[in-house]
Amino acid sequence: MQISTFINFLFLAGTAQAAAFQKLRRADIGGAVNVQAGAGFNIGNLPDLGYPFGQGAPRKPNLGQTPEDQAALQRRPSDAITEVKPAQGRVQNAVSSVSPTTTSASPAATSAVPAADYIAAALNHHNIHRRNHSAPDVTWSADLAKSAKTMANSCKFAHNLTPGGGGYGQNLAAYGSTNTNIRVQNPTIYLARGITNQWYNSEFSAFRPSYYGLATPSLTNFAAWGHFLQVVWKGSTQVGCATSFCGPNTVFTGNYVSWFTVCNYKAQGNFEGEYGLNIGSPLGRPGLTAP
């Protein structure tokens, strides 16, 4: 039986940050755990918790404290802690997002050069959701796509803001499987799943209605909705994405191959004190799901 795991991984750069795992949330696209012979094993989101910091001392990450934490750490790439220099006078909250799959041969990363349909899908899946929150459409940035391509082709599931000089927000998603046939599939499929199913649909309802309009909403459950906010952040007007196929023992350990997606955003989102201006209440417009 092939094994597929879905985990979301989003990176939002900012002040010194630490990431830690919570218990598995069995609330991904399909809901509860679902096992079907030959169809894979789906689990809920496994967020990389980015603790928001103010001016005080950073909280220490709480890794591996429970059996659930230990299991979580074994299911994901190892980049538990990320340190980033703070933005000029602003505090940017940090969350993370992931997704895995496997193959026998160990192919190197394929080209992440976006085709026309890939660019169209990236813009469509972002802008449909953004319009529902009164955010302007994002446009495609070749520079952001180039830096995303460098990241995707590295097949290293860890945030890297150095390509292209940095200064952008970053979302990561990976889909892993034991099914070797995923290598021949269109990478646009996995791009769409990352943007729509994982970053938006699975987190939209976690952002409470009472949070809209607040300069800084309660950040207690930030990991449950931080990825969604970067997608619809009004101040982010450019995006560039890339998706590459990666072999075993790269994005995921063991015999997992994967499609690794990176989306970079300018300007960066999720800054404290700026949520009210950048996150619009939903208008109830028709949404979409990715196959």
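Confirm whether L172 is touching a residue at least 60 places away in the same chain (Cβ under 8 Å) and either closer than 20 Å to L288 by Cα or not aliphatic (A, V, I, L, M) (or both). Can you show your working first?
Details: touching a residue at least 60 places away in the same chain (Cβ under 8 Å): yes; either closer than 20 Å to L288 by Cα or not aliphatic (A, V, I, L, M) (or both): no.
No.
Please specify each residue of the range 144-189 satisfying the condition of being under 21 Å from R130 (Cβ atoms) and crowded, with 24+ Cβ neighbours inside 10 Å.
L144, A145, A148, Y168, G169, Q170, N171, L172, A173
Cβ contacts < 6 Å: first residue among the hydroxyl-bearing types (S, T, Y), restricted to the range 133-157; second residue assigned to a helix (DSSP H, G or I), any location; separation 6+ or different chain. Result?
S147/P163; S147/G164; T150/P163
Restricting attention to the range 267-283, which residues are at positive phi and either in contact with a helix residue (DSSP H, G or I) (Cβ under 6 Å, 6 or more places away or on another chain) or modelled with pLDDT under 95 (or both)?
Of all residues in the range 267-283, those at positive phi come to 270, 273.
The answer is N270, and nothing else.
Report yes if H126 is of a type outside the set (S, T, Y), surrounded by 24 or more Cβ atoms within 10 Å (Cβ to Cβ) and at pLDDT 95 or above, otherwise no. Steps first, answer last, please.
Values: of a type outside the set (S, T, Y): yes; surrounded by 24 or more Cβ atoms within 10 Å (Cβ to Cβ): yes; at pLDDT 95 or above: yes.
Yes; evaluated as a whole, the condition is true for this residue.
Considering only the range 269-291, state which residues are farther than 12 Å from V232 by Cα, of a type in the set (A, V, I, L, M) and buried (at least 18 other Cβ atoms within 10 Å of the Cβ).
Quick first cut of the range 269-291, residues farther than 12 Å from V232 by Cα only: 271-274, 276, 283-291.
Cutting the leftovers down to of a type in the set (A, V, I, L, M) gives us 283, 288, 290.
Within the range 269-291, A290 is the sole residue that qualifies.
Could you please find all residues in the range 201-218 being in a loop (DSSP other than H, G, I, E, B) and touching a helix residue (DSSP H, G or I) at 6+ places or on another chain (Cβ under 9 Å)? Quick ask: steps written out before the conclusion?
Restricting attention to the range 201-218, the residues satisfying the condition of being in a loop (DSSP other than H, G, I, E, B) are 202-203, 207-208, 212-218.
Hits for the range 201-218 are S202, E203, F207, Y212, G213, L214, A215, T216, P217, S218.
Quick one: is N221 at pLDDT below 95 and surrounded by fewer than 24 Cβ atoms within 10 Å (Cβ to Cβ)?
Numbers: at pLDDT below 95: yes; surrounded by fewer than 24 Cβ atoms within 10 Å (Cβ to Cβ): yes.
Answer is yes for this residue.
Here is a check on your reading of the model: is F271 aromatic (F, W, Y) and under 16 Å from K149 (Cα atoms)? Reasoning before the result, please.
Working: aromatic (F, W, Y): yes; under 16 Å from K149 (Cα atoms): no.
So F271 fails the test.
How do the pairs read when you match residues in the range 207-221 that are over 15 Å from N278 (Cα atoms) with residues anywhere that are of a type in the set (A, V, I, L, M), using Cβ under 9 Å and keeping only pairs 6 or more apart or on different chains?
N221/A206
Among the residues of the range 255-268, which ones are among the small types (G, A, S) and buried (at least 24 other Cβ atoms within 10 Å of the Cβ)?
Correct list: S258 only.
Looking at (1) outside any loop (DSSP other than H, G, I, E, B); (2) touching a strand residue (DSSP E or B) at 6+ places or on another chain (Cβ under 8 Å); (3) among the polar types (S, T, N, Q); (4) within 21 Å of S134 (Cα to Cα), which is the only condition S236 fails?
Going through (1) outside any loop (DSSP other than H, G, I, E, B); (2) touching a strand residue (DSSP E or B) at 6+ places or on another chain (Cβ under 8 Å); (3) among the polar types (S, T, N, Q); (4) within 21 Å of S134 (Cα to Cα) one by one, S236 breaks only (1).
Would you please name the residue that is surrounded by the most Cβ atoms within 10 Å (Cβ to Cβ), looking only at residues in the range 190-218 that are farther than 24 Å from V262 by Cα and among the aliphatic types (A, V, I, L, M)?
Here the residue is L214.
The values are calculated or read from the model by the stated rules, or taken from the named source; none is laboratory data. Please read these numbers as outputs of a predicted model, since none were measured by experiment. Cβ: placed from backbone, ideal geometry, glycine included. Neighbour counts: every protein chain shown.
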